[in-house]
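Please treat every number below as a calculation from the coordinates, not as lab data. In this text the structure is predicted, and so the values were computed from the model without any measurement. Methodologically, a virtual Cβ is constructed for each residue, glycine included, from the backbone with ideal geometry; neighbour enumeration extends over all protein chains shown.
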Amino acid sequence: IYISIMHSFAEFDDAANLLAANPDATTISIEEPADIPKNKHGRGQPSGREEDDELLGTDDSDKTELLAGQKKSAPFWTFEYYQTFFDVDTYQVLDRIKGSVFPVPGKNFVRLYIRSNPDLYGPFWICATLVFAIAVSGNLSNFFIHLGKPTYHYVPEFRKVSIAATTIYAYAWLVPLALWGFLMWRNSKVMNIVSYSFLEIVCVYGYSLFIYIPTAILWIIPQKVVRWVLVVFSLCLSGSVLVMTFWPAVRDDNRRIALATVATIVLLHALLAVGCLAYFFDAPELDFPAPNIPVHNGTAVITKLQ
Amino acid sequence: GGSASRSERLVNTQFADLADMSASEEIPVEGEITVPVGAPSPDEDFSTLDEPVRETIMRDLKAVGKKFVHVMYPKKSSALLRDWDLWGPLVLCVSLALMLQGGSADSKEDGGPQFAEVFVIIWFGAVVITLNSKLLGGTISFFQSLCVLGYCVLPLTVAMLVCRLVLLASSGTVGFVVRLLVVLAMFAWSTLASTAFLADSQPPNRKALVVYPIFLFYFVISWMILTFMPQ
């Protein structure tokens, strides 16, 4: 995995060098609305700049960039201010979900899909769906695992919904907050080319959690191997989205800090997946009719393989 | 005072002929200047303070009942939207929460939802969905949306009633299959009914974004109903 990640970083480096060599083609910081018109010019370049165009993404609407300068002008106590965070259409949300599930090496999720129009719809409802997917799948999986046992009495385990909700919403909002604070702090020390706003980070984290929804549903299958394969697979996909988003933001920093940051991001993501698997899904046991084995000499050994 | 002298000058200069005729006396202003306030008799028709209590209650009950009928046979009528009320949703929510009590192990940690949890899920869920649709640019008002979402819980309350009756008869596999089918049918009915009422007020390229949370909301309620296990 390390080698493939470094390879994709190399590709990204090449693209970034092309960008740096052509200063009036693009802006790299996407925080300032005043920089947006320069992006428009970038798309008028001859087709030799295909990599730049692909990096920026040409297929999405131009008018979101034009309007980006007018966004967030309402004061924060009015309803219109919050409406600017829900200014997405159905196809945009579906595109962003697709981009989080199929990460393309070298393409930055934020640059390609969000592009100064971060939305709160995706993160909020993906987290809500994930909470209920984990709770319902965990309940179903425990039901099927314990089904044949005579002493088993089904319980809906509704308490776990609140625990799942707290965990997932805390992860989806507090970790971006911490990461944003950390990046701002490093930005004040080292001049990074790429910097993200808090909402963009929340957006990336929210959409990267989408892959865990089908994973949670597939975790109903009571096979340990299957579950761990799913964990690794989904971690690779969503982890790579996060890594490719945040590597350019810390790349110019001290090498060790950059690597430590990226490693922490992936580690927290893995911890979430493994923690949910361990807490909500009971371990599948092999089918030994344990209580019915007649005891000889009181030394029957009942093994429960975990 | 001043205005009188001004009018006096006006009369004297512009109607000099008339002034000559009336021998320079002022022309008095005549007529009533009282503006008629809204006539008292229509107010008496709308004032419901004096009618018997039974009439008041029957009128509200009839309005709630009419809305129940609208939900069970959803057509695009605006009666549900225009005259919103929250009595029906409250009654449905309380009865659903009460019927979800008495489940297995509800005194232990891992039982079914408590009364307060059901209440909070239904009302908080409805508020969040309403806010979501308004933030996405919907034109429906806050309480109208709450009213529709609350009333559309009616098919699921009926499903809960049926489930409890089936569970009295049998709690085996056949009973489970019957309950599953009933809950599925009522879940579809609830979602379609509320979508029929709410979808028109959304911008056309965001309809799916508004319908999905409604689907999730009724799915969660259906899950609570389906997993109800008696003691």
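Computed over the stretch B:112-180, the alpha-carbon pair-distance distribution with 5 angstrom bins reads 3, 15, 17, 18, 14, 13, 9, 7, 4, 1, each value a whole percent. Which pairs break 26 Å Cα to Cα here: A:Lys160/A:Lys224; A:Lys107/B:Lys134; A:Lys98/A:Lys160; B:Lys62/B:Lys207; A:Lys107/A:Lys224? A:Lys107/B:Lys134; A:Lys98/A:Lys160; B:Lys62/B:Lys207; A:Lys107/A:Lys224, as the Cα separations exceed 26 Å there. Mean projected area of the Cα convex hull of the stretch A:209-259, taken over all directions, amounts to 4.2 nm². Listed by Cβ neighbour count within 10 Å, with the fewest neighbours leading, B:Ser201, B:Ser133, B:Ser190 appear as B:Ser201, B:Ser133, B:Ser190. A simple spin-label model places pseudo-atoms 7 Å from Cα toward Cβ; at A:Ile221 and A:Lys189 they are separated by 4.6 nm. Taking amide H atoms as placed 1.01 Å from N in the peptide plane, the amide H of A:Asp119 has no partner under 5 Å among residues 5 or more positions away or on other chains.
Indicate the gyration tensor shape class of the stretch A:181-284 (rounded, prolate or oblate), computed on the Cα atoms with a ≥ b ≥ c the square roots of the eigenvalues: a/c under 1.5 is rounded; otherwise a/b larger than b/c is prolate and the rest oblate. Cα axes put the stretch A:181-284 in the prolate bin. A simple count of charges around A:Leu277, restricted to other residues whose Cβ falls under 12 Å of its Cβ and scoring Lys, Arg +1 and Asp, Glu -1, yields +1. Annotation: the residues B:Glu51, B:Glu30, sorted from fewest to most other C-beta atoms within 10 Å of their own C-beta, follow the order B:Glu30, B:Glu51.
The 3J(HN,Hα) values that the Karplus relation (6.51, -1.76, 1.60; θ = phi - 60°) gives for the stretch A:215-232 are, in residue order, 4, 5, 5, 6, 5, 4, 4, x, 10, 4, 4, 4, 5, 6, 4, 5, 4, 5 Hz. Gly and Pro appear as x. A convex hull fitted around the alpha carbon atoms of the stretch B:86-231 yields 98 Å³ per residue. Its Cα gyration tensor gives the stretch B:172-231 an equivalent ellipsoid. The semi-axes, each the square root of 5 times an eigenvalue, are 30, 10, 7 Å from largest down.
I want to verify the translational diffusion coefficient of the stretch A:92-248 in µm²/s; compute it with Stokes-Einstein, Rh as the Kirkwood radius over Cα pairs, at 4 °C and 1.567 mPa s.
76
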